[in-house]
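Just below is one structure, and these are the notes that go with it.
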Amino acid sequence: SALLSNSCNKGEVEGRENVGGIAGMCDTYTHAPLETKIMNCVNVGDVKSTAGAASTGAICGYNVSLTSNCYWLYDAGTGKGMKQGIGITSDGAKSENCFALDASQMGGKEKYTGALYSSPDKTSYTYVLDALNAFAYDNYNSNILLSGWKGGKEDGFPVLTGEKPAKPEGESEP
């Protein structure tokens, strides 16, 4: 299997087709029949296709695999960011706990209106940093070493700590 995890993009990405803030193409079948995953990633940079390609997304341009617990900046009022996280998906592609957040939500000033992530113990997380850290904590093992996250100094947007994640407090589901 192939895993792209704990990636954070803050820069502009531009290309012709298969353009994404984290990955341009996540293709399970082209080179070998293996499972690929994009997990626990954040994009706050602009993503643009010079050709207007549909295979353009804030997280991945073209995806045939699993995308899980990824967040991207989209502010409808200012036009910053992209509305869609994945440009094109094909049969078998799955997306779990992936959401567009406005600047206040991405910066940790406001919580999301629903659960961004729910732990196996039924704890829900509505703030992006809590969701990223809870997912990293819940999925941290000898095969997947996910890092913790903190708010950036300038805008509060998530940045990686490089340290083992800690379990944040959340809201227990009824």
Mind checking which aspartates and glutamates have their Cα closer than 13 Å to the Cα of residue 10? Skip sequence neighbours fewer than 8 apart in that chain.
46, 154, 155
Pairs over 27 Å Cα to Cα, from 48/167; 37/122; 48/164, come to 48/167; 48/164
Calculate for the chain the 222 nm mean residue ellipticity that helices alone would give, adding -39,500 (n - 2.57) per DSSP H run of length 4 or more and normalising by residue count, nearest 500 deg cm²/dmol.
-2500 deg cm²/dmol
Report, in debye and to the nearest 20, how large the dipole of the range 20-143 comes out about its Cα centre when Lys and Arg carry +1 and Asp and Glu carry -1 on their Cβ.
200 debye
Report the label-to-label distance for residue 94 and residue 137 in nanometres (one decimal), using points 7 Å from each Cα along the Cα→Cβ vector.
2.4 nm
Equivalent ellipsoid semi-axes for the range 38-130, as square roots of 5 times the alpha carbon gyration tensor eigenvalues: give them largest first, rounded to whole Å.
23, 18, 8
With 5 Å bins from 0: P(r) over the range 127-174, alpha-carbon pairs, percent:
5, 24, 28, 22, 13, 7, 2, 0
Of all DSSP beta bridges in the chain, antiparallel share, percent nearest 5
25 percent
Surrounding net charge for residue 23, when Lys and Arg each add one and Asp and Glu each subtract one, Cβ distance under 14 Å
-1
Between residue 10 and residue 110, what FRET efficiency comes out of the Förster formula 1/(1 + (r/R0)^6) with R0 = 22 Å and r the beta carbon distance, rounded to 0.05?
0.65
Ratio of Rg to Rh over the range 93-136 (Cα coordinates, Kirkwood Rh, two decimals)
0.96
Over the Cα atoms of the chain, how large are the radius of gyration and the largest Cα-Cα distance (Dmax), in Å?
15.5, 48
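Any read-out appearing in this document is the output of simple, stated calculations on the displayed coordinates, not a laboratory observation. Fair warning: this is a prediction, and the values are worked out from it, not measured in the lab. Neighbour counts run over all protein chains shown; Cβ positions are idealised from the backbone, glycine included.
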